[in-house]
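Computed from the coordinates by the stated procedures, all read-outs in this text should not be read as laboratory data. From a predicted model like this one, the values you see are computed outputs, not experimental measurements. Counting neighbours? That spans all protein chains shown, and the Cβs are built from the backbone with ideal geometry, glycine included.
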Amino acid sequence: MARGLTLAYEDRTVVHGIDLAIPEGRVTVIVGPNACGKSTTLRALGRLLKPAGGAVLLDGAELAKIPTKTIARAIGLLPQSPVAPEAITVADLVSRGRQPHQAWWKQWSEEDERAVTDAMARTDVTDLAERPVDELSGGQRQRVWIAMALAQDTEVLLLDEPTTFLDISHQVEVLDLVRRLNHERGRTVVAVLHDLNQAARYADHLVAMKDGRIVAEGPPAEVVTAELVREVFGLASVVVPDPVTGSPLVVPGAPYTPDAPRTPDAADLPVPVQKTGTTTG
């Protein structure tokens, strides 16, 4: 989907000539430390940022050469911390996802109504239809924004840190929703996440970035290693199977104590007995 992609803000290059293939019908998660270029990359995939070099491709065609409305019918993008218009209701906000399908000769249709109704049902916000968005909890609001993106009815869904500012229960709620939608509808999902363990649990394909370059990519079980965590995040850790899913689970080194001021290297840490787990969703 990206070929030789270089991204910059004015004279500061943020992403350096990366090649990135997004598996169709799968969940891809991009991880990396702050300011490594992961959100910038996602913006370019959604054509919110023009490449300084290389290209983003959609079905073999350069994104820059595709009409905006065509892109809006193919790619849905949920940015970080979106802000809803004041006093807008849930139903009205979700309905805005149908704008790419509107034209002066084609206004609201039964197809639009079905798409909105289905999106709200799948994200479990139907009962909130008449509520103002700004009165909802963080988890509810995020489900509403995802419903709007679903109503857009695109094959590709881009999510930039969809769990930011949510407590742990709402984070799991949103990520379970994304995984379920991918499974039930076959949507291709690309998400940026900060939490490496959540990324390993929910991704089919993991992309690790550092300093604007891709360090590793592939299935989480192959990508997430103690060496990778050290290289990308500068963190000593051990990686063990998640006791629930079998996916990689990163356990940081021991916290500071007065009796042991040095943070141990991964080689110093005890190696736990590993049990084979069964990976789920």
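Against the globular-protein guess of 2.2 N^0.38 Å, express the Cα radius of gyration of the chain as a ratio, rounded to two decimals. Don't skip to the answer; put the middle values down first.
Details: Rg = 20.3 Å, N = 281, 2.2 N^0.38 = 18.7 Å.
Dividing the Cα radius of gyration by 2.2 N^0.38 Å gives 1.08.
Scaling against 2.2 N^0.38 Å puts the C-alpha radius of gyration of segment 65-111 at 1.33.
When DSSP beta bridges are restricted to pairs lying wholly in the chain, around 60% turn out antiparallel. Taking amide H as placed 1.01 Å from N in the peptide plane, the amide H of Asp242 sits under 5 Å from that of Ser247, Leu249, each at least 5 places away or on another chain. Using C-alpha pairs under 8 Å with a sequence gap of at least 6, the mean separation divided by the residue count of segment 1-160 gives a relative contact order of 25 percent. Using a Gaussian network model of the chain in which every pair of alpha carbons under 10 angstrom is joined by a spring, one finds that among Arg98, Arg12, Arg180 the greatest mean-square fluctuation is at Arg12.
Tell me the relative contact order for segment 34-126 as a rounded percent, counting alpha carbon contacts under 8 Å between residues six or more apart.
Details: 35 pairs, mean separation 15.9, N = 93.
Result for segment 34-126 is 17 percent.
Largest GNM mean-square fluctuation among Val251, Val156, Val133, using the chain with Cα springs under 10 Å: Val251.
Positive end of the dipole of segment 63-132 (Cβ unit charges, origin at the Cα centre): among Val90, Leu63, Trp108, the Cα lying farthest that way belongs to Leu63.
Couplings 3J(HN,Hα) for segment 152-157, derived from phi with the Karplus relation 6.51 cos²θ - 1.76 cosθ + 1.60 (θ = phi - 60°), are 5, 6, 9, 7, 10, 10 Hz, where x marks Gly and Pro.
By how many nm would the segment from Arg230 to Gln80 lengthen if fully extended, with 0.36 nm per residue of separation less the alpha-carbon distance? Before the final figure, lay out the partial values.
Values: separation 150, 0.36 × 150 = 54.00 nm, distance 2.69 nm.
Full extension from Arg230 to Gln80 adds 51.3 nm.
Per the Debye formula on identical point scatterers at the alpha carbon atoms of segment 167-245, with no solvent, log10 I(q)/I(0) at q = 0.20, 0.22 Å⁻¹ is -0.99, -1.15. Dipole size of segment 1-130 about its Cα centre, with +1 on Lys/Arg Cβ and -1 on Asp/Glu Cβ: approximately 600 debye, rounded to the nearest 20.
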